[in-house]
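Peer 1: I am attaching a structure below and will ask some questions about it afterwards.
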Amino acid sequence: RPFSSGDASWGFASGAAASEAMAEPLEPPSVALQILERCEALHTKIQPLNDRLSGPLERQSHKTTALPFVLLLGNHSSGKSSFVNHVLGRSIQTAGVAPTDDSFTIVAPGSKDIDQDGPALVGDPDMGFTGLRHFGPALIHHMRLKIRQDTSTSNFMMVDSPGMIDSPMSKESSFQSNYTVDRGYDFEGVVKWFAERADVI
């Protein structure tokens with residue numbers, strides 16, 4: 001996957017507060033980072049040709065997320081939030097038997113704890129989620145960014161998704177076997193958008 005060489009700083013520029021949380025480089029350049037830099041350079045050269053010829057890559061796809069990320073999918077109470085807390089070694093997401101969250105939550109490492117809403121997250125080009133704008137305000141207001149310090153890893157982000165069946169059903173579906181789900185945005189399209197960019201699902 002394309003990966004910006006600037007990612008080595010693990011910085012987040014989501015407003016003034018998030019800029020202060022920018023982390024310093026964690027490791028000296030490695031062979032892996034050199035490979036990523038070369039991949040980025042190649043991808044940057046191919047992208048203009050792809051855009052002109054309507055190739056298979058998404059337009060501006062060389063502008064990727066600030067860090068690699070893991071996408072968590074599943075029904076409510078399947079352990080997504082508990083898994084986030086376990087992997088990161090902190091209690092970040094609320095876990096429970098009943099649905100506790102209906103938002104896509106991006107959990108990222110940083111030098112201090114900061115929470116931001118969806119408009120700030122999607123509006124920050126450095127984070128790499130601006131492509132979600134076309135799904136509309138209903139989605140944007142169901143997104144959050146949590147920057148957390150002192151996590152067990154600082155090399156990737158985690159995206160905690162709403163439960164796959166945690167949404168209101170349309171009224172006419174009450175007595176239908178094939179009921180429809182209305183979240184106010186294209187949930188399947190959003191999941192596909194994240195899945196195409198995720199490093200692990």
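Read-outs: derived from the displayed coordinates by stated rules, not from any lab. Computed from a prediction, not measured in an experiment: that's the story for all the values here. Quick reminder, even Gly has a Cβ in these numbers, built from the backbone with ideal geometry, and neighbours come from all protein chains shown.
Peer 1: Quick one: of K45/K112; K80/K192; K45/K192, which pairs are farther than 29 Å apart, Cα to Cα?
Peer 2: Listed pairs above 29 Å: K45/K112.
Peer 1: Can you tell me the length gained on complete extension of the stretch S78 to R38, counting 0.36 nm per residue apart and subtracting the Cα distance?
Peer 2: So the chain would gain 10.5 nm between S78 and R38.
Peer 1: Please give the peptides 40-47, 115-122 ranked by average Cβ packing (other Cβ atoms within 10 Å per residue), highest first, as a rough proxy for protection.
Peer 2: For the peptides 40-47, 115-122, the packing ranking is 115-122, 40-47.
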